[in-house]
Amino acid sequence: MIQITLPDQSVRSFPQPVTVQEVAASIGAGLAKAAVAGKVNGHLVDTSHRIESDAALAIVTDRDPDGLEIIRHSTAHLLAYAAKSLFPDLQVTIGPVIDHGFYYDFSYKRPLTPEDLEAIEKKMSELAARDEPVVREVWDRDEAVALFKSMGEHYKAEIIESIPAGESITLYREGDFVDLCRGPHVPSTGKCKVFKLMKVAGAYWRGDHRNEMLQRVYGTAWAKKEDLQTYLTQLEEAEKRDHRKLGKQLDLFHLQDNAPGLVFWHPKGWAIWQEVEQYLRGVYRQAGYQEIKCPQILDRSLWERSGHWDHYKDNMFTTSSENRDYAVKPMNCPGHVQVFNSGLRSYRDLPLRYGEFGSCHRNESSGSLHGLLRVRGFTQDDGHIFCTEDQIQDEVYDFTQQLLAVYRDFGFQDVIYRLSTRPANRVGSDEVWDKAEAALREALDRSGVQWELLPGEGAFYGPKIEYSLKDSLGRIWQCGTIQVDFNMPARLGAEYVAEDNTRRQPVMLHRAVVGSLERFIGILIENHGGALPLWLAPQQVAVASITQAHTAYAAEVAQALKARGFRAEADLRNDKISYKIRELSVQKIPFVAVVGEQEMSGRTVSVRRRGSAESESVPLEAFIDLLEAQRSSRT
């Protein structure tokens, strides 16, 4: 008898090997119909998978995250099936799952058009309606190569040839279409009914610019039509909030080809930048950080000693002078160690906290650049804490509390915690990594938060906690981080005098609250749709005169606001007040103060809040008090 243990710990017995689908059917017809895959002893498998011995089994449906991912992967195959049906001489390459959907790369003799996408999408619906079985097949590697070459699918043949000889290959067949894949996949095409093709973009074969440019078709897939519609509505809203469009509309910044991945900040955008930076500078002071500034360019030998040259050199800008090689810093940590090493340190000095608004440059590929969110030159709110092993947990805990308070001030309430552990490509012994990972685990548990594990995602020198924000559209942005590093201090010779007068190496904690200021400001713009809260708004108040007779009072009001530290401007144009208000509202200014004869004689202002058509007459001093209260509370 084969014993199958279900998630509720109930056990079902079967006299012979049984498939996942058969187990689902034994539980109920509804579950059998809903089954997308199975999870046998923690491993995802097709519903056709035969269970040969006692096992733990969970039936995966479209309600499960794993089930939705399988549907998306299978829909990518459905896309390739439909494209090949319509364009037989098109070649298929790879089609993975991505956030919210999938893509498939194709090689074709001409560019695919929007009309082609419509035709492919229609064909996909037809194939889904047929509900054809999706069948897993195991092939010999060389026979699979021969099969795909005979079909003219040279890219697939190349992929299979890169797999070691002797290994078996899994193919999936639906109708007359067959594709290489590890799986698992849905049992039939009818499970892939809710989808939409989004766009076509270029992508190099195997991500190498020396190879052919392929055509990448992006799509999204969901379990229910309502989920798809919600996602499309969210995309529509995200399009309106695109920080690049708002940056132009609100005159905040621009980018141009003369400086790819580098930002030209306009006065209004720089006002936001300064508010963010000065706020964070205050956080530094409150948390006991000493602000420092390190050089932009450092000798290659230092990057070799730190380990960055071996692990990061392809992303570094380099230069030479007088027979010496240099690199423009992609990060600030080696420089901070030099400051630590500049004097004799005692255990009494620890923890020693350094902070820097460090300007960094990374040689990102041009195809990955995206407004403020992915740039080549950025400023990081970077900090490094030099401490003892016994101090790690307290420092990580205190940093987490500090970071949460910062995020709340910027309008973010939901924070996701992830612990990234040792990658394959790393420096340092397993013993050191064990200590570092244990310290972060204990600090997270002490904070009382729920967290998830990301195995293998740590930095090459140490594990890290990643803090991600959820914005007003439900999108997730990874911003803050703290990393435990036992390795770089040793590599760069950092020492302190311990209580017993021996020399010991400090632990180095790398931390950032918001990360790149450019990226964080882009996130802020999109989160608030450009309508930034008063304390962050580049222009906080516009004072608009009704007629030319009121310009002097409007200028006086604006000057009174500026004297109290507000970013205020007077709109003294000889235009109708309705036109002025309409135009100022487009600039998303938090308050418009209208002044006319009545306001001038009574020393008041007629206040209109952003997003409201109503106005309220308020004494000037009371208005300033209102602004000060809102600014200080950061609401």
Counting only residues that are touching a helix residue (DSSP H, G or I) at 6+ places or on another chain (Cβ under 7 Å) and aliphatic (A, V, I, L, M), give me the helices (runs of 4 or more DSSP H) lying completely in the range 96-187 with at least 3 of them.
-> 114-130
Report, ordered by the first and then the second residue, all pairs with beta carbons closer than 7 Å, sequence separation of six or more or different chains, a first member in the range 234-253 that is on the phi > 0 side of the Ramachandran plot, and a second member that is open to solvent by less than 80 Å² (accessible area, probe 1.4 Å) and not small (Gly, Ala, Ser).
-> ASP251/HIS266; ASP251/LYS268
Among the residues of the range 60-67, is any touching a strand residue (DSSP E or B) at 6+ places or on another chain (Cβ under 9 Å), assigned to a helix (DSSP H, G or I), open to solvent by 50 Å² or more (accessible area, probe 1.4 Å) and within 23 Å of PHE177 (Cα to Cα)?
-> no
Cβ-Cβ under 7 Å pairs, at least 6 apart or on other chains, the range 305-321 side aromatic (Phe, Trp, Tyr), far side not in a strand (DSSP E or B) = TRP309/ARG300; TRP309/TRP303; TYR312/PRO330; PHE317/ASN363
Is there any pair linking a residue in the range 344-360 that is assigned to a strand (DSSP E or B) to one that is crowded, with 18+ Cβ neighbours inside 10 Å and among the aromatic types (Phe, Trp, Tyr), with Cβ under 7 Å and at least six apart or on different chains, and which?
-> SER346/TYR496; LEU352/PHE340; LEU352/PHE386; ARG353/TYR289; TYR354/TYR289; GLY355/TYR284; GLY355/TYR289; CYS360/PHE378
Matching residues, the range 31-80, being touching a Lys or Arg at 6+ places or on another chain (Cβ under 8 Å) and hydroxyl-bearing (Ser, Thr, Tyr) | SER48, SER74
Do we have ARG72 as of a type in the set (D, E, K, R), farther than 18 Å from VAL135 by Cβ and surrounded by 17 or more Cβ atoms within 10 Å (Cβ to Cβ) here?
-> yes
Which condition breaks for PHE102 when tested against (1) touching a residue at least 40 places away in the same chain (Cβ under 8 Å); (2) out of contact with any Pro (no Cβ under 9 Å at 6 or more places or on another chain)?
-> (2)
Which of the residues that make up the range 385-415 are outside any loop (DSSP other than H, G, I, E, B), under 16 Å from VAL514 (Cβ atoms), touching a Phe, Trp or Tyr at 6+ places or on another chain (Cβ under 9 Å) and open to solvent by less than 40 Å² (accessible area, probe 1.4 Å)?
-> THR400, LEU403, LEU404, VAL406, TYR407, VAL415
Count, please, the residues in the range 487-505 that happen to be within 27 Å of TRP451 (Cα to Cα) and either touching a strand residue (DSSP E or B) at 6+ places or on another chain (Cβ under 6 Å) or in a helix (DSSP H, G or I) (or both).
-> 1
Just a yes or no: is a residue in the range 539-562 over 19 Å from VAL594 (Cβ atoms), open to solvent by 10 Å² or more (accessible area, probe 1.4 Å) and modelled with pLDDT of 95 or more?
-> no
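So that you can scan it fast, the table gives a plain yes or no per residue for (1) over 25 Å from SER368 (Cβ atoms); (2) touching a Lys or Arg at 6+ places or on another chain (Cβ under 7 Å); (3) at pLDDT 95 or above:
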{"position": "PHE253", "(1), (2), (3)": "no, no, yes"}
{"position": "VAL263", "(1), (2), (3)": "no, no, yes"}
{"position": "LYS293", "(1), (2), (3)": "yes, no, yes"}
{"position": "HIS308", "(1), (2), (3)": "no, no, no"}
{"position": "THR318", "(1), (2), (3)": "no, no, no"}
{"position": "MET331", "(1), (2), (3)": "no, no, no"}
{"position": "ARG345", "(1), (2), (3)": "yes, no, yes"}
In the range 232-272, which residue that is among the aromatic types (Phe, Trp, Tyr) and in contact with a helix residue (DSSP H, G or I) (Cβ under 8 Å, 6 or more places away or on another chain) is surrounded by the fewest Cβ atoms within 10 Å (Cβ to Cβ)?
-> TRP265
Please identify the pairs in which a residue from the range 204-224 that is within 22 Å of PRO114 (Cα to Cα) and free of Cβ contacts under 8 Å to residues at least 60 places away in the same chain has its Cβ atom under 6 Å from the Cβ atom of a residue that is among the polar types (S, T, N, Q) and in a loop (DSSP other than H, G, I, E, B), counting only partners at least 6 apart or on another chain.
-> TYR204/ASN211
How many residues, within the range 327-343, are assigned to a loop (DSSP other than H, G, I, E, B), farther than 26 Å from GLN278 by Cα and either in contact (Cβ under 8 Å) with a residue 40 or more places away in the chain or among the polar types (S, T, N, Q) (or both)?
-> 1
Residue selected from the range 217-240 under the condition of a type in the set (A, V, I, L, M, F, W, C) and touching a strand residue (DSSP E or B) at 6+ places or on another chain (Cβ under 9 Å), by the criterion nearest to LEU197 (Cα to Cα) = VAL217
Complete set of residues in the range 581-630 that are open to solvent by 30 Å² or more (accessible area, probe 1.4 Å), touching a residue at least 40 places away in the same chain (Cβ under 8 Å) and not aliphatic (A, V, I, L, M) | GLN587, LYS588, GLU597, ARG610, GLY611, GLU628, GLN630
Could you tell me whether any residue of the range 180-195 is within 23 Å of ASP116 (Cα to Cα), touching a Ser or Thr at 6+ places or on another chain (Cβ under 7 Å) and not β-branched (Val, Ile, Thr)?
-> yes
Subset of the range 40-57 [open to solvent by less than 70 Å² (accessible area, probe 1.4 Å) and on the phi > 0 side of the Ramachandran plot] = GLY42
Check TYR284, TYR279, TYR218 and return the single one that is within 18 Å of ASP382 (Cα to Cα) and out of contact with any helix residue (DSSP H, G or I) (no Cβ under 8 Å at 6 or more places or on another chain).
-> TYR284
When the residues of the range 199-223 are filtered to those that are part of a strand (DSSP E or B) and of a type in the set (Gly, Ala, Ser), which remaining residue is surrounded by the fewest Cβ atoms within 10 Å (Cβ to Cβ)?
-> GLY202
State whether one or more residues within the range 16-39 are open to solvent by 40 Å² or more (accessible area, probe 1.4 Å), closer than 22 Å to ARG136 by Cα, among the hydroxyl-bearing types (Ser, Thr, Tyr) and at pLDDT 95 or above.
-> no
Taking the range 330-355 only, how many residues are over 23 Å from the mean Cα position of the chain (by Cα) and open to solvent by less than 30 Å² (accessible area, probe 1.4 Å)?
-> 10
Here are some residues: ARG426, ARG418, ARG408. Which one is within 30 Å of THR635 (Cα to Cα) and without any contact (Cβ under 8 Å) to a residue 40 or more places away in the chain?
-> ARG408
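The values are calculated or read from the model by the stated rules, or taken from the named source; none is laboratory data. Since the structure is predicted, the reported quantities are computational estimates derived from the model, not experimental observations. Note that we place each Cβ from the backbone using ideal geometry, even for glycine, and neighbour counts take in every protein chain shown. Calculation scope for accessible area: heavy atoms of the full protein, side chains included, ligands and nucleic acids excluded. Shrake-Rupley method; radii C 1.70, N 1.55, O 1.52, S 1.80 Å.
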